[in-house]
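Take a look at the structure set out below.
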Amino acid sequence: MIKKHSHIIQILYLFIISRLIFLIFGPLQSIYYTHSPSLCLWDCPWYSGIISNGYQLIPSGHGDGDAANWAYLPVFPKTIAIVSDLLSVPHLHLSVAFILNNIAFFFGLYFLFLYVKKEYDEKIAMTSVLLMTFSPYSIYFSIPYTESFFFLFMILVFFFANNGKWIYAAIMGALLSGTKIMGVMIVFPMLFMAINQFGLKNLISFKNDYSYRILLSILIAPLGLFIYMLFLHNKIGDALAFKHVQIAWGREIQNPLYVLYNGLREFWTYKFYMALASIFGLTISFFMLYKKKYAEFIFLIISIIIPLSTSLASIARYILTLFPVYIALSLILNNNLLLKKFIFVISIIGLVFMSISWVNSKYYMI
Amino acid sequence: MSKKTFYIILIFLIASFEIYVFNKILHPNVNDHYQLYYIDKKLNTWSHGEGIQYTKGTILDDTKVQRFLSRKGWLRIKKSPYLFFRDGASIYFKTGPVKQYNGILTLKIISDEFHIIKVKINNKYIENKIMPPRNTDIKFIFDKTILNRDKVNSIEFKLTNYNTNLAIAFKSLKIE
């Protein structure tokens with residue numbers, strides 16, 4: 001009992017220290033220098049708009065007036081709106097988002113620990129938590145973005161599915177698919193986990209209850225996105241409006257290899273850095289394949305290839321907020337204490353850099 | 001009720017709901033402007049309330065034609081007052097339920113090179129012309145038999161046997 005609690009306390013310490021680094025070098029230094037801390041930047045005003053006014057009927061955003069908030073799925077902003085209303089503080093919805101995101105991040109870390117501990121051991125589990133907590137990209141788990149909810153629901157899908165609780169996993173999958181478009185892809189890792197647990201032959205024979213339970217889970221998981229699509233059809237007349245409106249962000253389907261190649265050609269620019277992040281993500285994906293972690297591999301590869309098929313924008317954020325990346329890093333660093341320490345120090349420096357960059361509205365933080 | 005029956009009922013209900021939403025995906029209920037800009041990705045500009053409705057009698061010159069232009073095929077050259085076209089350049093517009101249509105489409109010749117210009121209105125070729133000398137206008141005249149009254153009209157421009165994209169420019173379109 002005491003040991004079980006000691007893990008939570010250890011994770012809580014890591015969480016508090018990492019968030020203090022973000023707060024001190026981010027919002028607090030911003031208060032000191034500018035007296036107006038800015039947490040709501042880039043995509044955040046879109047969420048803020050949904051929380052305050054709901055979804056738009058007619059596009060009006062960006063210079064060309066063709067952007068609309070349909071691109072942002074409802075689970076995160078609507079949860080914030082409901083909680084803000086319940087607490088009677090709708091005007092403080094950004095603070096509510098900040099608090100809820102941090103709570104979600106903490107619980108996500110705890111379930112990450114439990115999941116990795118069961119799959120590997122305690123040491124790798126704690127290293128995964130440590131690396132994820134102090135990752136430079138962990139600032140996205142604290143600001144009003146969807147990353148924190150996405151992480152929590154994603155790890156809960158893996159955790160519940162891994163423990164045979166498929167209906168819980170499916171419900172978390174439904175929340176995940178209503179949080180980000182990529183969330184709907186969770187059905188593929190779920191399928192792999194089911195095949196791993198029961199065997200393909202047993203599953204498709206439909207002789208046991210679990211075959212039906214798995215099929216039901218696979219159907220429940222994308223419901224979040226399906227419900228949102230029905231909402232969009234009723235409101236705008238286009239169930240795929242969230243996809244079609246991407247034209248306003250310049251996202252159009254292209255060959256991912258071509259996108260990657262173009263990024264690599266532009267040395268030391270934002271695109272080049274994003275291309276490097278993509279290569280890093282792809283390498284990590286294949287490492288998970290090598291380790292026969294098929295569910296993690298499939299989710300990583302889909303989560304990289306699909307955004308890469310449109311543009312390099314924000315791809316480092318998409319990759320470095322996925323938990324399997326940190327499990328893979330822990331496995332790689334497992335027997336190399338010196339390298340582990342080095343990566344940890346680099347991560348902290350990166351976290352400080354990203355915190356300062358965020359409050360200074362640097363373009364690469366988008 | 002057994003667990004298995006309960007699962008089968010749920011599977012049936014959820015699958016039916018998802019098929020229903022799939023059907024909605026395949027049948028969007030949007031106006032032509034939205035369809036052309038967001039779904040078909042054919043239109044260059046999202047022009048809000050104005051859409052692609054053409055007001056009878058208006059002269060669309062290169063300063064007013066912007067919201068009717070296709071995403072692809074048009075070329076603006078710095079310091080040149082002309083709007084050039086290349087393969088795939090189109091203009092989309094709706095006329096509304098008017099009874100008479102007499103249209104004049106005017107293009108301007110910029111170079112002396114030999115060209116064949118093909119203009120298709122609603123997928124019907126209206127004329128092919130061999131290029132006259134530089135700085136003259138070519139006029140394409142069409143009537144009500146070729147335009148749609150309720151649907152979107154498209155005028156597509158094509159050059160064949162060309163060496164350069166800068167030979168012919170759009171000048172104006174007028175329908176009355």
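The alpha-carbon positions of the stretch A:24-181 define a convex hull whose volume is 136 Å³ per residue. How many angstrom separate the Cα center of the stretch A:297-366 from the Cα center of the stretch B:41-87? After rounding, the separation between the Cα centres reads 43 Å. Any idea what angle helix B:3-26 forms with the longest principal axis of chain B, computed on alpha-carbon atoms, 0 to 90 degrees, nearest 10? Long axis of B:3-26 versus the principal axis of chain B: about 10 degrees.
Take every pair of alpha-carbon atoms less than 8 Å apart whose residues are at least six positions apart; their mean separation over the length of chain A yields a relative contact order of 21 percent.
Among the residues of A:62-75, the average count of other protein chain beta-carbon atoms within 10 Å of the residue beta-carbon is 1. Taking the 1.4 Å solvent-accessible surface of the stretch A:21-140 as the whole, the part contributed by carbon and sulfur is 68%. Coupling constants for the stretch A:344-354 follow from the phi torsions by the Karplus curve (6.51 cos²θ - 1.76 cosθ + 1.60, θ = phi - 60°), and in residue order they are 5, 5, 4, 4, 5, 4, x, 5, 4, 4, 5 Hz; glycine and proline get x. Here the spin labels are modelled as points 7 Å beyond Cα on the Cα-Cβ line, and at A:LEU92 and B:ASN29 they lie 4.2 nm apart. Taking the protein heavy atoms of the stretch B:25-176 in the context of the full set of protein chains, the accessible area attributed to carbon and sulfur is 49 percent at 1.4 Å. Distance between the 7 Å Cα→Cβ label points at A:GLU119 and A:ASN334: 1.2 nm.
Per-residue ellipticity at 222 nm, computed for chain B from helices alone with -39500 (n - 2.57) per DSSP H run of at least four residues, works out to -5000 deg cm²/dmol. Here is how the number arises for chain A: DSSP H runs of 4 or more residues each give -39500 (n - 2.57), the sum is divided by the residue count, and the result at 222 nm is -21500 deg cm²/dmol.
Taking each residue as 0.36 nm, the span from A:ASN53 to A:VAL345 lengthens on full extension beyond its C-alpha to C-alpha distance by 100.9 nm. As a rough guide to protection, the peptides B:8-19, A:18-29 ranked by mean Cβ packing within 10 Å, highest first, stand as A:18-29, B:8-19.
Structural descriptor for the stretch A:5-133: relative contact order 21 percent, calculated from alpha carbon pairs under 8 angstrom and at least 6 residues apart.
Accessible surface buried at the B:A interface totals approximately 2700 Å², computed with a 1.4 Å probe on protein heavy atoms. Work out, in µm²/s and without decimals, the Stokes-Einstein translational diffusion coefficient of chain B at 37 °C, 0.692 mPa s, Rh from Kirkwood over C-alpha pairs. D = 177 µm²/s. With a 10 Å cut-off around each Cβ of A:218-231, the average count of Cβ atoms from other chains is 3. Here the extension length gained between A:LEU200 and A:TRP42 equals 52.4 nm, from 0.36 nm per residue of separation less the Cα-Cα distance. If the label point is 7 Å along Cα→Cβ of B:ASN102, which residues in the stretch B:45-64 have backbone nitrogen under 14 Å from it? It comes to B:57, nothing else. Reported to the nearest whole Å, the Cα centre-to-centre distance from the stretch A:41-118 to the stretch A:196-258 is 21. Using R0 = 30 Å, the C-beta based FRET efficiency linking A:ILE103 and A:PHE286 works out to 0.30. Direction-averaged projected area, Cα convex hull, the protein assembly as shown: 32.7 nm², rounded to one decimal. Other protein chain C-beta atoms within 10 Å of residue C-beta, averaged over B:36-45: 3. Across all Cα atoms of the stretch A:197-280, the radius of gyration (one decimal) and Dmax (whole number) stand at 20.6, 57 Å.
The values are calculated or read from the model by the stated rules, or taken from the named source; none is laboratory data. Because the structure is predicted, anything quoted here is derived from the model rather than measured. Reconstructed Cβ throughout: ideal geometry from the backbone, glycine too, with neighbour counts over all protein chains shown. All accessible areas refer to the heavy atoms of the entire protein, side chains included, with ligands and DNA or RNA removed. Shrake-Rupley method; radii C 1.70, N 1.55, O 1.52, S 1.80 Å.
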